[in-house]
Amino acid sequence: MRLYASAPPLRPTDRLPLVLAAVLLLVGGLVFALPDRAAAADSLISQGRPATSSSVEDSTFGPEKAFDGNAGTRWASTEGVDPQWIKVDLGPSATVSRVKLVWEVAYAKAYRVEISADGTTWTRLATETAGNGGTDDWTGLTGTGRYLRVYGTARGTSYGYSLYTVEVYGTTSTTPPPGGAFTVVAAGDIAAQCTASSSSCAHPKTAALAQRIAPSFYLTMGDNQYDDALLSDFRAYYDKTWGAFKAKTRPVPGNHETYDPAGPLAGYKSYFGAIAYPQGKPYYSYDQGNWHFVALDSNSFDDAAQIQWLKDDLARNTKGCVAAYFHHPLYSSGGHGNDPVSKPVWQILYGAKADLVLNGHDHHYERFAPQDPSGRATADGIVEIVGGMGGAEPYDIETVQPNSQKRISGPYGVLKLDLTDTTYTWQYVGTDDQVKDSGPTYTCH
């Protein structure tokens, strides 16, 4: 056996692995030495996220198709109409650095890429005025928000707008909004017996607005379907608009739901099912964050069983903020005016330190200063909002009540309620996406 005092000479084939190892060590050293240069590019943050749009050509071309990661599927808007938009919810907070668009033949000649924290106020990230279709890759963007939309203002063809892909790149926060914040959309007096084929039909427009806001859930304050709330009418009208988010809706009935020839609330109950009767009655409660919500049937406030249930429910409540909603307002400056049927319920709510009451019935928007059941302004009182502009014909303001702070009749819209663990505020948003009124920020009792 021969012993070597040093390593034996290397063959050419032996040298290659060592050279590769040395290169890898060198590269690895550079990675560790220069972490900023080696950082990964921003991630794709839009795939599979909830998406909405101003319109669709038909149900096979929904907005979600642009975010499904499949290059063969696409979103397509209604043909021949400007403007049109597609929007994606990126989560509580996102920072966007890049947006890639892959157009179908129906492309946008002019459009904007915009970002928003609340889905109402938008900041422009990029603008195209001479688009020619194909792929648009916007890089070097700087924007922070929850929602991103592509807003087309001029079509490049006689068709609509159609995108195979919308890819949004950046970073997202996994931290939930501070203070348990969430958003709710509310409206009453909604589905007149008309469809989107009529330009004067309002409930398709309020439904589209409600979807654009993309809340945690939706409330309705009664008279969901006109005139007699038949099941067939629910299916023909309400279901075609507000029915798009039925699973996320927590409704209450109005007086029109009692007119059904099949029996009071028959069509309402058949249409909504357990959504409206989660506890086997047309009144129920639930919690979200630090809020306790109480949904009541004001058609039967003379029902001793409902009144006792309300007292028991509020006695069990452990949440710091309380909101109740039902159809008939105790106070209103509209055609129906004040409805004393609601006063005993107000007395119970006031005794439980409830914060907010939402109503419909009168077809206008109105907000009141905090007041007690007797109508006296007081800091520990209940804030009442009438939100009956969901789609039915507006009513005039007739007799202004003492604590009424703002009244709007005419522009259709919805309430956008922003709630935290300790506070609440709201906006009345019109179907033109403009904020018509903003409420104060109140602290829960």
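Some observations on this one:
- Inter-probe distance in nm under a simple model that places probes 7 Å from Cα toward Cβ, at R124 and V341: 5.1 nm
- Positive-end ranking of P63, A181, T157 along the dipole of segment 51-197, with charges on Cβ about the Cα centre, is headed by A181.
- Area accessible to solvent at E128, 1.4 Å probe radius, in Å²: 40 Å²
- Ranking V252, L230, S285 by how far each Cα lies toward the positive end of the dipole of segment 206-285 (charges on Cβ) leaves S285 at the top.
- Cβ-defined net charge surrounding V322, 11 Å radius [Lys, Arg +1; Asp, Glu -1]: -1
- Considering only alpha-carbon pairs that sit under 8 angstrom and 6 or more positions apart, the relative contact order computed for the chain is 12 percent.
- When only the Cβ of Lys, Arg, Asp and Glu is charged (+1, +1, -1, -1), the dipole of segment 210-316 relative to its Cα centre reaches about 540 debye.
- Normalised alpha carbon radius of gyration of the chain [divisor 2.2 N^0.38 Å]: 1.26
- Neighbourhood charge, 9 Å Cβ-Cβ cut-off, centred on R74 and excluding it, Lys, Arg +1 and Asp, Glu -1: 0
- Angle in degrees between helix 304-316 and the longest Cα principal axis of the chain, rounded to the nearest 10: 40 degrees
- Size of charge dipole - the chain - debye, nearest 20, with Cβ of Lys, Arg +1 and Asp, Glu -1, no other charges: 1880 debye
- Rounded to 10°, Cα long-axis angle of helix 12-33 versus longest principal axis of the chain: 40 degrees
- Among the listed pairs K87/K269; K269/K311; K246/K406; K65/K246; K109/K248; K109/K205, those with a Cα-Cα distance over 28 Å are K87/K269; K246/K406; K109/K248.
- Taking every Cα-Cα distance in segment 203-256 and sorting them into 10 Å bins from zero, the calculated P(r) comes out as 24, 60, 16 percent.
- nm² value of the averaged projected area, convex hull over the Cα atoms of segment 179-299: 7.3 nm²
- Rg/Rh ratio calculated on Cα atoms of segment 46-133 (Kirkwood radius): 0.93
- The separation of segment 366-433 from segment 200-225, counted between C-alpha centres, amounts to 16 Å.
- In degrees, nearest ten, helix 203-213 long axis to first principal axis of the chain (Cα): 50 degrees
The values are calculated or read from the model by the stated rules, or taken from the named source; none is laboratory data. Nothing here was measured: the structure is a model prediction, and the numbers come from that model. FYI the Cβ positions are ideal-geometry reconstructions off the backbone, even for glycines, and counts take in every protein chain you see. For the accessible areas, the whole protein counts, side chains as well, though only heavy atoms, and no ligand, DNA or RNA atoms are used. Shrake-Rupley method; radii C 1.70, N 1.55, O 1.52, S 1.80 Å.
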